[in-house]
1. Which residue is farthest from Ile84 (Cα to Cα), if the candidates are limited to the range 100-143 and must be in a helix (DSSP H, G or I) and among the aliphatic types (A, V, I, L, M)?
2. Taking Asp96 as meeting all but one of (1) among the charged types (D, E, K, R); (2) in a loop (DSSP other than H, G, I, E, B); (3) closer than 21 Å to Arg124 by Cα, write down the number of the exception.
3. Given the conditions (1) modelled with pLDDT under 95; (2) buried (at least 21 other Cβ atoms within 10 Å of the Cβ), which single one is not true for Gly99?
4. Being farther than 13 Å from Thr34 by Cα, free of Cβ contacts under 8 Å to residues at least 60 places away in the same chain and in contact with a strand residue (DSSP E or B) (Cβ under 7 Å, 6 or more places away or on another chain) narrows it down to one of Val59, Val70, Val65, so name that one.
5. Kindly provide the set of residues from the range 117-137 that are under 14 Å from Thr19 (Cβ atoms) and surrounded by fewer than 16 Cβ atoms within 10 Å (Cβ to Cβ), ordered by number.
6. For the range 144-166, give me each residue that is assigned to a helix (DSSP H, G or I), among the aliphatic types (A, V, I, L, M), over 18 Å from Thr20 (Cβ atoms) and touching a residue at least 60 places away in the same chain (Cβ under 8 Å).
7. When only residues in the range 82-108 that are more than 12 Å from Gly33 (Cβ to Cβ) and hydrophobic (A, V, I, L, M, F, W, C) count, which is nearest to the chain's Cα centre (by Cα)?
8. Tell me, which strands (runs of 3 or more DSSP E) wholly within the range 1-93 include 3 or more residues that are surrounded by fewer than 20 Cβ atoms within 10 Å (Cβ to Cβ)?
Amino acid sequence: MPGLNVNHFTYHAADQSGTTALGAALAELLPDGTTVALCGTLGAGKTRLVQAIAEAAGVDRREVVSPSFVLISEYHGRRTICHIDAYRLRDEDEFDQLGPDEYFESDSLVLVEWADRVKASLPRERIEIHIEVTGPASRRFKVIAVGDRYGEMIERLEAWSSQADL
């Protein structure tokens, strides 16, 4: 995006415990009011990462399911999480009709699965997480800070990773 800083961090999770650790770190480090755009193929682990973030924020992991049929779910723990799934939506107009701006302007963490389908409707400054399957249980997470607001969060995530024994 022209005029916006882009910082990134890459994390390799050998298995689901690595995904859980990343989710816990994100739950701690993401500022209130952050929108996170989750991108990856079917089965890459988008919902699993949302579950890890929510669990670390005090939400029962079993409450967090892919909202493909509900489209938007809210979870309340120590933090409020809004979970949006754009998989079944035809286009960005249909996404916009859901009223996501209300969530984007709140203090909630807004986690959008299949965000690449509605990219033009997302906030200008956001976190993007691209998930790549690298093995049966392993994943590569590229966490991208789009805009100036999240540069420090990426630095803190890098510091967490260097201190974590993963």
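The values are calculated or read from the model by the stated rules, or taken from the named source; none is laboratory data. Quick caveat: nothing in here was measured; it's all calculated off a predicted structure. Cβ atoms come from the backbone with ideal geometry, glycine included; neighbour counts cover every protein chain shown.
1. Initial filter on the range 100-143 (in a helix (DSSP H, G or I)): 100-104, 115-121.
Narrowing the set further to residues that are among the aliphatic types (A, V, I, L, M) leaves 115, 118, 120.
Working: Ala115: 9, Val118: 11, Ala120: 15 Å.
Result: Ala120.
2. The single condition Asp96 does not satisfy is (2).
3. Of (1) modelled with pLDDT under 95; (2) buried (at least 21 other Cβ atoms within 10 Å of the Cβ), only one is false for Gly99: (2).
4. Values: Val70 fails: in contact with a strand residue (DSSP E or B) (Cβ under 7 Å, 6 or more places away or on another chain); Val65 fails: in contact with a strand residue (DSSP E or B) (Cβ under 7 Å, 6 or more places away or on another chain).
Val59 is the lone residue from the list that is farther than 13 Å from Thr34 by Cα, free of Cβ contacts under 8 Å to residues at least 60 places away in the same chain and in contact with a strand residue (DSSP E or B) (Cβ under 7 Å, 6 or more places away or on another chain).
5. Those that are under 14 Å from Thr19 (Cβ atoms) and surrounded by fewer than 16 Cβ atoms within 10 Å (Cβ to Cβ): Val133, Thr134, Gly135, Pro136, Ala137.
6. Met153, Ile154, listed by residue number.
7. Ile84
8. Working: elements: 6-13, 35-40, 72-76, 80-85.
Passing ranges, in order: 6-13, 72-76.
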